[in-house]
1. What spacing in nm lies between the two simple spin-label points modelled at A:S428 and A:I248, each 7 Å away from Cα in the Cβ direction?
2. What Kirkwood Rh does the protein assembly as shown have if only Cα atoms enter the pairwise 1/r average? Answer in Å.
3. Regarding the stretch B:342-457, what are the three Cα extents along the principal axes, ordered largest first, in Å?
4. How well do other chains shield peptide B:187-194, expressed as the mean number of their Cβ atoms within 10 Å of each residue Cβ?
5. Near B:V362, within a Cβ-to-Cβ distance under 14 Å, what is the net charge of the other residues, with Lys and Arg +1 and Asp and Glu -1?
6. Between B:A420 and the same site in the other copies, what are the distances in nm, shortest first, taking label points 7 Å from Cα along the C-beta direction?
7. How far is A:P53 from the same spot in each other copy, in nm, shortest first, if each label point sits 7 Å from Cα toward Cβ?
8. Could you size up the charge dipole of the protein assembly as shown around its Cα centre, putting +1 on the beta carbon of Lys and Arg and -1 on that of Asp and Glu, and report it in debye to the nearest 20?
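The values are calculated or read from the model by the stated rules, or taken from the named source; none is laboratory data. None of these values were measured; they are calculated from a predicted model. As a convention, Cβ positions derive from the backbone with ideal geometry for all residues, glycine included, and neighbour counts pool all protein chains shown. The protein model used for the area step is the full one, side chains on, heavy atoms only, and it has no ligands, DNA or RNA in it. Shrake-Rupley method; radii C 1.70, N 1.55, O 1.52, S 1.80 Å.
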There are 2 protein chains.
Amino acid sequence: MTGSDEERAAKPDAGAADSHLLQSGAPGRGNGTPGEAAAARRRMPAALYGLTPPVEAAVMAAIEADRPGQVRALVEPLHSADVADLIERLDDEPRGRVIDAIRRRFDPEILSYLDDSVREQVVELLGAQDVAAAVKELDSDDAVDLVEDLDDDIRQRVLAALPAAERVLVEQGLTFPEESAGRLMRREVVAIPRAWTVGQTIDFMRTSQTLPDDFTELFIVDADRKLVGMVALNRLLRTNRPVRVTDIMATDFRSIPPATDREEVANMFRQYGLVSAPVIDEAGALLGVITVDDVMTVIEEETEEDLMALGGVGEGDIHAPPHETARQRIRWLIATFVNAVIASTVISQFEASIQQIVALAVLMPIVAAMGGNAGMQVVTVVVRALATKHLTAANALRVVGNELAVGGINGVVFATLLGALAAWWFASPGIGLVLAGAMVFNMIWAGLAGTLIPLALARFGLDPAIGAGPFLTTTTDVLGFFSFLGLATLFLL
Amino acid sequence: MTGSDEERAAKPDAGAADSHLLQSGAPGRGNGTPGEAAAARRRMPAALYGLTPPVEAAVMAAIEADRPGQVRALVEPLHSADVADLIERLDDEPRGRVIDAIRRRFDPEILSYLDDSVREQVVELLGAQDVAAAVKELDSDDAVDLVEDLDDDIRQRVLAALPAAERVLVEQGLTFPEESAGRLMRREVVAIPRAWTVGQTIDFMRTSQTLPDDFTELFIVDADRKLVGMVALNRLLRTNRPVRVTDIMATDFRSIPPATDREEVANMFRQYGLVSAPVIDEAGALLGVITVDDVMTVIEEETEEDLMALGGVGEGDIHAPPHETARQRIRWLIATFVNAVIASTVISQFEASIQQIVALAVLMPIVAAMGGNAGMQVVTVVVRALATKHLTAANALRVVGNELAVGGINGVVFATLLGALAAWWFASPGIGLVLAGAMVFNMIWAGLAGTLIPLALARFGLDPAIGAGPFLTTTTDVLGFFSFLGLATLFLL
């Protein structure tokens, strides 16, 4: 290897020699012969997903034809995540057949990728013995994640079937609170003594049989396993052998206590764009590491939870059976039911007015709907701003003020529009004015309640994503009906 | 360094010698004297966030007192993400003062962390020259991300102020479609020739001045810069010097074409739990790398977009001025308005019935509200299942069937409840029966429309998160009012 080869490989574009950026020189490409291009295309992966519709169809056909060998031959080349998808999409009976076909060489990773309701079923199908064998193969964080979701009965059987060393690790993991950093962390870390040099470290890594499969940094610890620094692998590789690891280690890392809520962990990773962070105990000793890919799952799940909560859906996935789903969704429907009945009692107070001017019954849902939807816009924004810490005590007052202004602006816009429409429709300027007044009032209220209700719920330690919607729509319905029917009773009768 | 020291550091818990997992031995900890514990606590980071309320208050006070030197002294030790948070939380006037105070040593990373509306303002305050200086310091993906959001005018000025090499890179990045893998990728990659050994690679890394700041893998390329494999740094470190990199490289990686939509990229990372993936052109040449931290941002933004769309909120952040926010939210309110007016025209067809039985006006919002909320639950689940590819053509029919069943179950539950309540309230079994019938009908409709509307929108290439809500509530309102008032007119008059 000559120096010029090295130069070309590292900085392929000579024009970029004065830049620290490595360019790929894309503009100069694509001039090869058609044959070369075709060869290149053959080397390229055809699709980003392994489970293509033809593969799926072929598996289905093999199941139908009851050919377990063929099923196995089709499924085995797939990535475990794709196998999990396939299992999820199948109905109960073919699902069982696929499990039977691949049972002997079941990839434990498949379990990590399955949705909860399907995973339970697959665990039943596999049995405690096979599940324990799978858990043994997983990284500690995935193993804990799998075991914590099992029903008590099967969990005990799986734990009993585990070798002692793995059982201790999993049981230790389960001692940390649910959804905490302790549950999230991987125990497999590479910790090296502070006295070592770069050369000693590299020699150790070349001979050690106990290293985890994958890691991107080393942790420097003292004799008590207290964490003193971190070294990224690329830093280690750039440094000459005699240099001590303490001379190249980073000490400005952020350590996480194991009891930290996983949402806090996710916020920290997001805030500082971290790739990994150590978990340390009260004495400063290294317990494990949390990496960005675990945090990615958390961020997605937490955002998803907020989204589902705002949409009135609890936990649950699309693979759950209907009676289970119906049960999970009933809480929000009960809230809606109570809300609607309260709104109805308000309307019933004005029965006499409605009987005299039936146009009121025609128009009253408009005020409630506009207020409710404007308010849910505010709730959506405020819930997310709270979750991502964009909304704090420092700027709460300004946000409330802004939302009042937004409610006022759109209130006036729609009051004008609707007031004119109603006045024309029922040939009564009075009805138009009353509708406009109720609209402005309810839209401003939506801005105020949409900010204050989530803030108050968060203040009392409740999840604003779950409670704010029902509370808000109750107030906008009640006030919408009350203001419109009340103003009409006052001024039109 | 003796062998036993090495052993202790790498496997601090002797009891775990038979395990491949490194244990932290937490149970044995915490036996030190109180003094030791206090010292340990002092070494521990106090909080996960740098921008604590006291720091924020001190900055405010320094701005009030007009002491730029003090502002600078307080802000400079903060992480750039915390400085961005601070700038976002300030009003316009103090914001300008903070920018003036830190202008001389402005950390370019701050710009990457700012919300769009605030970033625009800060860019204005800094001026094109200072922004160009900042862009020069950023990684290519962050630079493109920053420049693409600028207004045309200031973008041209910033590009003109950039050195030629950086300008070419940023302009190349901008040639890829918005929200594509090409915009997302970092150009700074370490590519080495396939002929090298581990030793040559390490020697190159020790002497090269052109390596990016941070990386976790090497790309192996041929003479045409075609990608032939990847080597994780930890694999390189574990391998002896004479081994060739082609012997330890992974070839089962997934490459991404630069035009791939970033949501597809995110789905791929999520699906396969990837940490990084190369971007290659049509000829197979390496263009850049996408890493999980960039994808984390995408996943969060895409989920957030769905959440905001379902809540009827367009783009925008809590820092935007009220008239801007009002304008962004008006589209959903217009949809609500149109929906409400359509529902009102349905009600107006039954004015005569309402005048005879005013109880109908009292009860009719309940049917509409229950149908609307049950339907939005379904829409929420289906929109997310579509986005995460849990819902495909293969299982669409089963999901529709499940949702019909869920609607039927909860429809019967609430029909019984509400029917009994209405019959008792208005002392009329007929009203109870009519309400119950309308309720079952509307809840089943909600299940059907809640699945079919998002599926149809997705089929026509429209975003189901944006359109499904308004469509759905229009149908549930219209059918709710129509079925209830219609049944009442048929059977009660």
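1. 8.4
2. Numbers: mean 1/r = 0.0320 Å⁻¹.
With all distinct Cα pairs of the protein assembly as shown included, I get 31.3 Å.
3. So the three principal-axis extents are 51, 29, 16 Å.
4. Values: counts 7, 5, 3, 5, 7, 4, 6, 1.
The mean count of partner-chain Cβ atoms within 10 Å per residue comes to 5.
5. Numbers: positive: none; negative: A:E351, A:D477.
Overall, the nearby charge balance is -2.
6. 5.0
7. Distances to the matching label points in the other copies: 5.7 nm.
8. Numbers: 80 positive and 134 negative charges, 19 e Å.
Taking the Cα centre of the protein assembly as shown as origin, the dipole is about 100 debye.
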